[in-house]
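Worksheet: one structure, shown below.
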Amino acid sequence: MTEIDARKLECPKPVLLVKEEADKGAVQIRACVDNEVAAGNVTRFFESRRYAASREDGAEGIYITGKKSGETAAVQKDGGARTALLFTSDKIGAPSDGLGEVLMKAYLGTLTKTSTPPAAIALMNEGVKMALPEASTLDTLKELEAAGTKILICGTCTKHFGITDQITIGTISNMFEISEAVFGADKPIVLG
């Protein structure tokens, strides 16, 4: 079994260390992390690569063990082009007395009316504020999530703004998972 000490490492380093070992063909990997966000990120990475993931809380940290259970998951193609969006702001355009927020809410609302919702929406930098309970965009993001859109929220960003505990939608994620979701899509779109 490959052992990784990923405590006290900034996002996305724990996932990247696990990925490095998985790419070498490791059948069983045990990573020790020191926070819930890192534990969730490593667990989702294992699952995305078809490792059976298990968790053990210990005195020294949180141990996530991944054991290979099949081939790497194939990218799903459903006949239509997969779109993913990366928002780096909670507004569209420059600050303008509320217009940018109105435009963002309208844009997201339009996405709920499309026949194929985006595969993923990632929120980074000021964009993470769209996932706050008081944000005018929250209900629309919930509607998109219910329609199958994966909502990924940058954990480094929520930590920077001190809002991690206030996020009530999606998954607190990491740069690696966000990059794969957005730039692995057929149509990546970046707004911000």
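The values are calculated or read from the model by the stated rules, or taken from the named source; none is laboratory data. All of these numbers come straight from a predicted model, not from anything done at the bench. Every residue, glycine as well, gets a Cβ built from its backbone with ideal geometry; the counts of neighbours run over all protein chains shown. All accessible areas refer to the heavy atoms of the entire protein, side chains included, with ligands and DNA or RNA removed. Shrake-Rupley method; radii C 1.70, N 1.55, O 1.52, S 1.80 Å.
Go through the stretch 1-48 and give me each residue that's surrounded by 15 or more Cβ atoms within 10 Å (Cβ to Cβ), touching a residue at least 24 places away in the same chain (Cβ under 8 Å), among the polar types (S, T, N, Q) and in contact with a strand residue (DSSP E or B) (Cβ under 7 Å, 6 or more places away or on another chain). Within the stretch 1-48, 2, 41 qualify. Residues that are under 30 Å from residue 20 (Cβ atoms), free of Cβ contacts under 8 Å to residues at least 40 places away in the same chain and surrounded by fewer than 20 Cβ atoms within 10 Å (Cβ to Cβ) within the stretch 137-158 comprise just one, 150.
Which condition does residue 157 not pass, out of (1) within 14 Å of residue 45 (Cβ to Cβ); (2) in contact with an Asp or Glu (Cβ under 9 Å, 6 or more places away or on another chain); (3) hydrophobic (A, V, I, L, M, F, W, C), if it passes all the others? Looking at each condition in turn, residue 157 falls short on (1).
Selection over the stretch 90-108 of residues that are part of a helix (DSSP H, G or I) and either touching a Gly at 6+ places or on another chain (Cβ under 6 Å) or open to solvent by 20 Å² or more (accessible area, probe 1.4 Å) (or both) gives a count of 8. The residues in the stretch 36-55 that are farther than 14 Å from residue 176 by Cα and either touching a Lys or Arg at 6+ places or on another chain (Cβ under 9 Å) or among the small types (Gly, Ala, Ser) (or both) can be counted, and the count is 6. Looking for something modelled with pLDDT under 90, farther than 22 Å from residue 144 by Cβ, assigned to a loop (DSSP other than H, G, I, E, B) and of a type in the set (Asp, Glu) - is there at least one such residue anywhere in the stretch 71-81? Among the residues of the stretch 71-81, at least one is modelled with pLDDT under 90, farther than 22 Å from residue 144 by Cβ, assigned to a loop (DSSP other than H, G, I, E, B) and of a type in the set (Asp, Glu), which makes the answer yes. Being open to solvent by 70 Å² or more (accessible area, probe 1.4 Å), small (Gly, Ala, Ser) and assigned to a loop (DSSP other than H, G, I, E, B) is a condition met by at least one residue of the stretch 115-133.
Entry remark, the stretch 172-189: residues being in a strand (DSSP E or B) and open to solvent by 40 Å² or more (accessible area, probe 1.4 Å) number 3 in total.
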